[in-house]
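Structure record follows, encoded as structure tokens.
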Amino acid sequence: MKHAALITIPLQRPTTLNPTTGLVGLAVSHNPHERLRVLYTKILASLQTMPQDAAYRKYTEQLVSERYNHVKTEPNVEELEKKLNCGQIEEIIFQAECELALSRKMSQWKAWEPLIEEPPANQWKWPI
């Protein structure tokens with residue numbers, strides 16, 4: 001009885017594990033302060049296109065300004081992570097990138113404007 005030849009295929013990892021943080025899929029940031037400075041500046045500029053009384057602008061501006069002040073005043077990355085209290089610095093950078101994308105979308109959507117038509121009665125009532 002003949003045996004089929006075994007074919008071995010080396011497995012490739014789809015993503016690499018960050019050896020310093022243990023985070024999969026997030027590259028190590030070699031200059032996190034500069035990256036966050038740029039991102040927070042862009043977010044704040046994007047928020048300037050919205051009315052001052054828009055809820056998203058008001059609360060996001062407050063949060064981003066607070067985080068930006070920590071970035072400017074805390075040179076130690078580990079201490080900065082503790083002050084921001086949002087995970088490791090690579091996660092904080094990712095959050096800032098997502099917030100920048102959202103702020104640009106919010107400007108496009110003009111969520112602060114009145115609705116085009118009135119919502120149906122009891123739309124937000126639950127249970128019906």
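All of the numbers you see were taken from the coordinates with simple rules; none came from a lab. The structure presented is a predicted model; accordingly, all values stated were derived computationally and were not measured. Don't worry about glycine lacking a Cβ; one is built from the backbone with ideal geometry, like all the others, and counts go over all protein chains shown.
Details
- Largest-first principal axis extents, alpha carbons of region 47-128, Å: 53, 33, 18
- Of the chymotrypsin sites (Phe, Trp or Tyr not before Pro) found in region 76-128, the ones in coil according to DSSP and having at most 12 other Cβ atoms within 10 Å of their Cβ are 124.
- In region 29-128, GluC sites (Glu not before Pro) in a DSSP loop with at most 10 other beta-carbon atoms within 10 Å: 117
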